[in-house]
Amino acid sequence: MNDKGKIIAGIIIFFVVATFPFWFNMFVEKTPAPELVLTAKAQAAKVCVRDTAFMKANHMQLLDEWRDTVVRKAERIYVNAEGKEFNMSLSNTCLDCHSNKAEFCDRCHQYASIEPYCWDCHIDNPKETK
Amino acid sequence: MNVKYFYSFLAVLVLALIAWVGCDLLGLQVLFGVILPYIAVVVFLVGFFLRMMDWARSTVPFQIPTTAGQAKSLPWIKFNAIDSPFTTGGVVARMFFEVVTFRSLFRNTRMRVNPDGRISYDIELWLWLFALAFHYTFFVVILRHARFFLEPLPLPFEILEKIDTFVQIGQPVISMSSFALLGTVLFLFVRRVYLPNIRMISLASDFFPLFLIFGIVFTGIFMRYFAKIDVTAAKELTYGLVSFNLPSLAKMQGIGSIFYIHVFFVSVLLVYFPWSKLMHMGGIFLSPTRNMANNTRAVRHVNPWNYPVNVHTYEEYEDDFREKMIEAGLPVDKKE
Amino acid sequence: MSDLPKSDELFSHIDHRPPKGKDWMDIPVDIRPGMYCYSANPKSMETLSAPNVRKWNPLEEDWLLPDNWQEILHNGLKERLEKFRSFKVFMDICVRCGACADKCHYFIGTGDPKNMPVLRAELLRSVYRNDFTKAGKILGRLAGARPMTLEVLKEWWYYFFQCSECRRCSVFCPYGIDTAEITIMGRELLNLLGLNIDWIATPVSNCYQTGNHLGIQPHAFKDMLEFFVEDIEEITGVNCTPNYNKKGADILFITPSGDVFADPGTYTCMGYLMLFQFLKDKYGLDVTWSTYASEGGNFGFFTSHETMKRLNAKMYAEAKRLGVKWILGGECGHMWRVIHQYMDTMNGPADHLEVPVNPITGTTFENAASTKMVHITEFTADLIKHGKLDLDPRRNDNLKITFHDSCNPARGMGLLEEPRYVINNVANHFYEMPANTIRENTFCCGSGSGLNAGEDMELRMCGGLPRANAVKYMADKFDVNMLACVCAIDRAALPDLMNYWETGADVTGVHELVGNALILPGEKKRETDLRGEPLPGMEEEADE
């Protein structure tokens, strides 16, 4: 029984599937990693609630804590290491500086294929309008 | 302490240490994040191919399916087209269920000698369940990683991500597959250590991949939920690897070492894969007791090296016994 | 044989937990009387032109091996890895999940960890890793590798002759790893050093020279069948004299010679003779027996692929010489694995034969279109289905029957329904054993693959325990008193087993039941069954 052809065909199929990212990216236009875009207000503020490296990696966790603190304990004030106080509000604090959500938030999220459910409640526009 | 799992555990620890020292102290991010992963992928692909071809080179002289059901015989006897396949279609179905549902393992029983002297064979599905869960969650975890390699992410992967994070616990939301995978790895490990017979048959090469996969899952979970890394930077590197567009060294150094330990573990797994029992992934397709039809009396199977053998012919036999045969009234070819 | 412990004593000593804290490689092999078969008789080995012919004793330190025995084994291993993909793949892909461990009847019956199929295979794999894999060469024992030593060789010999190649483990293995395949290779390798057992070597030699396992010469073979003819005539009043070596007959019939010389197979043989006489009288079917191809069994299968081919060649050769249309095969286990999965490949194509057609029913046996050999239960089932047999199943009313699927027809062929159909049509009381002990899950009789000798009785009783245990259950629950089977080794081995484990069941072939039920044209009123025992119920029948 000469089944080498079948076996090689099987291996090729497996390899095509396994190397999918390599050839997929060949056919799709390459996306550069998004650069951070800060609004004038954010640039002027220089520092965020915490330092930049922390915010890059941990902002989602911080926001999660904020939400729980506000919603469950009804506490609204966050004090950072430097003793500075902030209103724990995505819409009113974060998006106040980072009012350019499309550039500041969405591009990275999209790049990393993340769809945070923050925006399920918090409206798309930077400022909440009552 | 059993040396088999002690050494395996030690090996995985040392691997972690190597990656940590390499990245955190020596700044070898390019080695661990770029060079080794590329080498690993090449070794995996080439190795996988070579192993398969090595098996393919061995001939299949006889058609020896294990029949696990009624064969096709008389037209009015219902036959089992999957467990005793007569056609190629039946074989394909058998292989499909074997690979996708672990059908043979599903038969598993546990033998017990009861106090009344009766031996019973009860259904025992834990191994099947956890083995299946292990492979499927591993598969889902791999697919979920597509978001680090593709841009834009095709819809099916997004849907999978949505399903996997369905419970929406915490931030980042928990992906069930990772924890399920960790659980199944633990089960498979505990089983190997706890059941005396399984402990006895286990080799270091059974523990090493378990520890290694545990290490991969653990570092993965750890950097997603605890020792956070800059995901955008990580993607820039992983996406860069598959699109040949690497980020600057400074950016690479901005990603935490845990990421490089994770990637190093994966690279080791890829390199280890083709030369280990993990090749059962490809080997199962070549198992002659499963991938052949039970139609051996209907269709002749050809043995490529079938050679003539010495036989004791009828003529020789008659020469031995002619007189006695004639005397007994048995017909003979040569009457002398 | 007097050393055989009592069954309850043996049973209470079975412990399935392995020795604590010991690696299996550190447990030395202990070749224990009662568990092994005597070494091959040099004369038999000579007939087969086997290598390293000499007298040797497994219990002695020196096995009188050639100086380069390790080299012979290494090369033999290499050759087989290249020739048999099954072997090579099975060496590589086992993940030691342990699903097979408690599926082996020898493990269930002995508790010896090396009788777990996975460990039996590891005995060979460990050497394979040492000789042929890089990991094994570099990491040695840590990678599960060990060099070939005399100790390892003895372990191989001991445990490859404690496997009956029944394939039960293969059903449960997620990759279909078949220990039978590994044992077959292991025995081939052992045979390269002349390390066969006599219970295999001598039947093989006899079969090669004389045509059958016991070396029954042609005139004696005829005498033995004539003896059955007399018995049948006494019971039924009908003369069932068969044809011998008849040229131009329709069908050549080949059955294991066990049916010719050993009870209760002999009654099955009488059943065949009666069936053929019935078909001759009623439909003019001409069946012939052969004294040359007078053995269906093939112990060559337990020696090497080459030896199997040498013995099997007689079937087609004799069919060709006699000019029959096709071949009919009797009830036998491994014989049918050889016919079903090997014969056509080894000794075919059988272009001198016709695609088997049952001339009485017109049924074409499509499933045997190429090999041109039909199993007798397929043949009989077809006759019954078409109403071609006159049967009185009440003659088997004194029997409560259960059916033991033999390993090879079940897992190497898929012959499950045919014998059941026949039994259900020739008898009224049929009960199935528990599902996990029959069909593809069936347990070996414990004596298959050439291990049905006398000196390894303890091994056989251990290996047969799961089967006996299930029969005992049936006897307790349904008063089953007859164990039917379609295998000559079963018929030879099971009576001892049933006795030892006190199941109270007797053993029969399916065609003995057919013989009892079959109403021969012109027969007298039967008073006894084929065993000469009165037919209960038949007296009352007249009063009804």
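The values are calculated or read from the model by the stated rules, or taken from the named source; none is laboratory data. These figures come from a predicted structure and were not determined experimentally. Positions of Cβ are generated from backbone atoms using ideal geometry, with glycine treated the same way; all protein chains shown enter the neighbour counts.
Numerical summary
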item	result
Members of the stretch C:1-39 that are facing chain B (nearest Cβ under 10 Å), assigned to a loop (DSSP other than H, G, I, E, B) and within 14 Å of C:Glu155 (Cβ to Cβ)	C:Asp23, C:Ile27
Qualifying helices (runs of 4 or more DSSP H) (wholly inside the stretch C:356-427; at least 2 residues being touching a strand residue (DSSP E or B) at 6+ places or on another chain (Cβ under 7 Å) and within 14 Å of chain B (Cβ to nearest Cβ))	C:376-385, C:417-426
Test set (1) crowded, with 21+ Cβ neighbours inside 10 Å; (2) in a loop (DSSP other than H, G, I, E, B); (3) assigned by TED's automatic domain parsing to the domain that holds B:Met279 - B:Pro85 fails condition number	(3)
The one condition in (1) closer than 30 Å to B:Val41 by Cα; (2) among the hydrophobic types (A, V, I, L, M, F, W, C); (3) surrounded by 13 or more Cβ atoms within 10 Å (Cβ to Cβ) that A:Trp119 fails to fulfil	(1)
Matching residues, the stretch C:279-333, being more than 10 Å from chain B (Cβ to nearest Cβ), in a helix (DSSP H, G or I) and among the hydrophobic types (A, V, I, L, M, F, W, C)	C:Leu279, C:Phe299, C:Phe301, C:Phe302, C:Met315, C:Ala319
Residues satisfying the stated conditions in the stretch C:433-463, i.e. of a type in the set (Gly, Ala, Ser) and either within 11 Å of chain B (Cβ to nearest Cβ) or farther than 21 Å from C:Phe301 by Cα (or both)	C:Ala435
Pairs, first closer than 12 Å to C:Gly464 by Cα in the stretch C:485-511, second of a type in the set (S, T, N, Q) and surrounded by fewer than 21 Cβ atoms within 10 Å (Cβ to Cβ), C-beta under 7 Å, six or more apart	C:Tyr500/C:Ser7; C:Trp501/C:Ser7
Residues of the stretch C:166-183 classified as on the phi < 0 side of the Ramachandran plot, under 20 Å from the mean Cα position of the chain (by Cα) and facing chain B (nearest Cβ under 10 Å), total	7
Residue check, B:Ile119 in contact with a helix residue (DSSP H, G or I) (Cβ under 9 Å, 6 or more places away or on another chain) and either among the aliphatic types (A, V, I, L, M) or touching a residue at least 60 places away in the same chain (Cβ under 8 Å) (or both)	yes
Test: residue in the stretch C:56-70 that is within 14 Å of chain B (Cβ to nearest Cβ) and closer than 24 Å to B:Ser58 by Cβ	no
Subset of the stretch B:175-187 (residues that are surrounded by fewer than 22 Cβ atoms within 10 Å (Cβ to Cβ), of a type in the set (A, V, I, L, M, F, W, C) and touching a residue at least 40 places away in the same chain (Cβ under 8 Å))	B:Phe179, B:Ala180, B:Phe187
Selection count where residues are surrounded by 12 or more Cβ atoms within 10 Å (Cβ to Cβ), small (Gly, Ala, Ser) and either out of contact with any Asp or Glu (no Cβ under 6 Å at 6 or more places or on another chain) or within 27 Å of B:Leu155 (Cα to Cα) (or both), scope the stretch A:54-101	3
Contacts under 8 angstrom Cβ, first residue in the stretch B:315-333 being facing another protein chain (nearest Cβ under 7 Å) and without any contact (Cβ under 8 Å) to a residue 40 or more places away in the chain, partner assigned to a loop (DSSP other than H, G, I, E, B) and among the aromatic types (Phe, Trp, Tyr), 6 or more apart	B:Tyr317/C:Tyr292
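Residue-wise test of (1) at pLDDT below 95; (2) out of contact with any Pro (no Cβ under 8 Å at 6 or more places or on another chain); (3) within 14 Å of chain A (Cβ to nearest Cβ).
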| site | (1), (2), (3) |
| --- | --- |
| B:Pro115 | yes, yes, no |
| B:Trp128 | no, yes, no |
| B:Thr137 | no, yes, no |
| B:Ile142 | no, yes, yes |
| B:Gly170 | yes, yes, yes |
| B:Ser175 | yes, yes, yes |
| B:Val185 | no, yes, no |
